[in-house]
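Any read-out appearing in this document is the output of simple, stated calculations on the displayed coordinates, not a laboratory observation. Just so it is clear, the model here is predicted, and its values are computed rather than measured.
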Amino acid sequence: MELSFESMETPALTKAQLAELLFEQIGLNKRESKDMIDAFFDLIADSLVEGEDVRISGFGNFQIRTKAPRPGRNPRTGEAIPIEARRVATFHASHKLKDQIQGDTN
Amino acid sequence: MIQCRFDQGDNYAHGMAPMTKSELIEFIAARAELSKARAEMVVNCVFDAMTEALRNGEGVEIRGFGSLKARAHKSYQGRNPRTGKSVNVPPKLRPFFKVGKELKELVNASRSSGSIKDNGDET
């Protein structure tokens, strides 16, 4: 498979590749595979937008955090600009995922 | 009117129960009219593939959702907080998630919608 990644420093797994995997390994047809991958990330995103964390054992937790307003600065000009209160999504990898990425060296 | 803030019986910041992997499997099964066993295979397959990509030094890039990457951390001199002894912390690779633009905006936009209280509990 010839893929070009010239704009990225590392190759990345994409939705298209994940759909291909479902087609090969689960035996869904191409259309179903693609819809399934879309649904997969939509469901996680919807849960976060609703304010619900997502906990995937063995992988990690996607969490919603509420940030208080704080004074900020334009780093270039040094000008003070307020940063408004906001909600952000964060991810905390599970120990299992961390160990696997580390290559089980310990 | 008195509002019971602890009626969820938990300590989640927003009073909402988290979605677990098994619920994700149920939702996938319902939406795609798959058996739960097949939906479980789908969910495991996706998370395994993402783990495998990170293991191989690849990233994961899901447009609008976010990207995952393994970031290299340098070795440093740390201390055992109990004994105060200096220890060498070896270099390591740690997974890092960067939220996508679209999800970032949606999450923040939902802040103002009535169902979620903004308690501004963190900085």
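In the range A:53-106 the Cα-Cα distances spread across 5 Å bins starting at 0 as 5, 17, 14, 13, 12, 10, 11, 11, 6, 1 percent of all pairs. Normalised size of the range A:12-52, defined as Cα radius of gyration per 2.2 N^0.38 Å with N residues, equals 1.28.
Comparing A:Arg65, A:Arg55, A:Arg73 in a Gaussian network model of chain A where C-alpha atoms under 10 Å apart are linked, the largest mean-square fluctuation is found at A:Arg73.
Pick out which of A:Asn74, A:Asn61, A:Asn29 has the largest mean-square fluctuation in a Gaussian network model of chain A, springs linking Cα atoms closer than 10 Å. Result: A:Asn74 has the largest fluctuation of those listed. Run the Debye formula on the Cα coordinates of the range A:19-82, all scatterers equal and no solvent, and tell me log10 I(q)/I(0) at q = 0.16, 0.18, 0.19, 0.20 1/Å. Once normalised to I(0) and log-transformed, intensities are -0.73, -0.80, -0.83, -0.86.
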